[in-house]
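Values quoted throughout were computed directly from the atomic coordinates according to the rules given, and no laboratory measurement underlies them. Since the model is a prediction, treat every value here as computed from it, not as a measurement. Don't worry about glycine lacking a Cβ; one is built from the backbone with ideal geometry, like all the others, and counts go over all protein chains shown.
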Amino acid sequence: MTKMTRRKFMKDSIQSSAAVSTGLVGSSLFASCGQSNSSVGVVEAIIPLPIQVVIDDVGWWSGEDGSEYQEPYRTGISRSHVPADYQAIVDLGKALGIQPQAATVLGEWDKQNILRKVPHSTWMGDKWDNSQWVGPWLEEAADIINNNKDNFEITVHGLGHEWWVDGKFTRAEWADDNGVMRPKEILEQHLDAYAEIMHQNKLGELPRSFVPNAFRHSFGVTKGNDISLAQLLAGRGFTQINTPFSSMFNSEAAQYGFFGVDSGIMTIDRGADFLDWNIIGGIPNGEIKGPTCGMHWPNLLHKNPERNSEVVARWVKILAPYHQRQETMLAKNSVEFQQQLAHNKLSKLKVADNAIKLDFSDTKNVGTIASNEELTVKVRSENELDFSSENIKIVSISSQKSNNSMLYNMNLEITNVNGAVVTFKNKS
Ligand SMILES: [Zn+2]
């Protein structure tokens, strides 16, 4: 389904008799349109598309792109990374009220050289020596992450980003150039090592989200394997993979447009980034066309880390409006994001008889590991309204005035998996 039809699908309205011919009535493919008998005027409800910010290649301390001499594609920022580069992610999250996903490479956080024993993980093999990157900056950065958990999510990206055999790498760590998953026994060792480096640095448990490095990934099982990478990750408690479908093998098997469900893992289309991976700072502009605003760490940073905030401010400026619009929202974290994306695609909504009618019959069977018990509905209305429901919990409602109308942001918690009705009336 295209974006346009999907949006139409979600969008329905009722109108006062004076406005019936504006074209909004009848725009839904599924819902029949109702017309209010009361004087509530035009009311339009949408399950907005959630947008998540995903930042790749966080975690390096060296900023060198080593790809010319068999070291990893790092960030190419031509300086070492510093704790202030982590603070930039937190600052972006705080300014927008979100938890950006930091797709993190942890090799240069290895305090005990455990990667010596992890096959294919570094260019040095069993002579791996990370001593030059062990220092107080590790604790400083860990403190920034741990003290700002609502605004920083560690997402697994890898240990070394590539896959080395006898000191030479191919792309990439989790799958090869044809998207074929690396041997699962070795990937399990990579995940064990990732968890161990997390513990070395007191960063918590293995994350639940994943970005394949170099976007080498396949949806489903690949040649020579008996399980998919998603299934392997599901066994470790992961719920989400984010990667561009344009380069994902077998992307046609993804069932729901912007996402597919692979062994219970929601696999999300990253779409195209605003900027190339190695642009330092840079000026993002354009439109986000799907559920992900993807970038690479240097895109958010300045050559002079003291000026990182100038770059962060540019991203805040481009992203903030997506939370104000009726059609989109910035998800506050991965859980809200996954729930909302499923509802955006699969829950049916119609407005009729002074009520918003929600049908969850497709959503409840989506098969993701994450639950779908919460959603956001945005309601635009000419008049100020009161909302109530007997079969869904209205957790919170906030409102703003825009263009002579009210825009309500309603957070709902599902109590009946089949559907719900939220009634509205003019504010008393
Ligand atoms: Zn990467």
How much FRET efficiency would the formula 1/(1 + (r/R0)^6) give for Asn146 and Thr423, where r is the Cβ-Cβ distance and R0 is 35 Å, rounded to 0.05? 0.20
Can you work out the FRET efficiency for the pair Ser80 and Asn250, with r the C-beta to C-beta distance and R0 = 45 Å, to the nearest 0.05? 0.70
When the Debye formula is applied to the Cα atoms of segment 76-158, each taken as the same point scatterer, what base-10 log of I(q)/I(0) results at q = 0.14, 0.23 Å⁻¹? -0.55, -1.14
Whole-Hz ³J(HN,Hα) for each residue in segment 204-220, computed from phi via Karplus 6.51 cos²θ - 1.76 cosθ + 1.60 with θ = phi - 60°, x for glycine and proline: what do you get? x, 8, 3, x, 10, 10, 8, 10, x, 6, 6, 6, 7, 6, 10, 7, x
Would you please give the residues with an amide H less than 5 Å from that of Ser62, counting only those at least 5 places away or on a separate chain, with H modeled from the backbone geometry? His81
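Which trypsin sites (Lys or Arg not before Pro) in segment 348-428 pass both tests, a DSSP loop state and at most 13 other beta-carbon atoms within 10 Å?
Details: sites: Lys348, Lys350, Lys357, Lys364, Lys378, Arg380, Lys393, Lys401, Lys425, Lys427; in loops: Lys427.
Passing both the DSSP loop test and the Cβ count: Lys427.
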Per 0.36 nm of contour for each residue apart, how much would the distance between Ile283 and Ile186 grow if the chain were fully extended, relative to their Cα-Cα spacing? 30.9 nm
Mean-square fluctuation check for the chain, GNM, Cα pairs under 10 Å: which of Asp129, Asp226, Asp85 is largest? Asp226
Share (percent) of C-alpha pair distances in the chain greater than 26 Å works out to 57
Apply the Karplus curve 6.51 cos²θ - 1.76 cosθ + 1.60, θ = phi - 60°, to the phi angles in segment 290-299 and return the couplings in whole Hz, x for Gly and Pro. x, x, 10, 9, x, 7, 10, 3, x, 4
Amide H partners (placed H, <5 Å) of Gly419, local residues excluded: Phe360
Go through segment 97-112 residue by residue and turn each phi into a ³J(HN,Hα) via Karplus (6.51, -1.76, 1.60, θ = phi - 60°); whole Hz please, and just put x for glycine and proline. x, 10, 10, x, 7, 9, 6, 10, 9, 9, x, 7, 9, 7, 7, 10
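Which value results for Rg/Rh of segment 48-193 when Rg is the Cα radius of gyration and Rh the Kirkwood radius based on the inverse mean 1/r? Numbers along the way, then the final one.
Numbers: Rg = 15.7 Å, Rh = 16.0 Å.
Answer for segment 48-193: 0.98.
With n ≥ 4 as the cut-off for DSSP H runs, can you work out [θ] at 222 nm for the chain, using -39500 (n - 2.57) per run divided by the number of residues, rounded to the nearest 500? Can you show the working numbers first?
Working: 8 runs with 85 residues, N = 428.
The per-residue figure over the chain is -6000 deg cm²/dmol.
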For Leu106, what residues show an amide H to amide H distance below 5 Å, using hydrogens built from the backbone and excluding near sequence neighbours? Gly158, Leu159
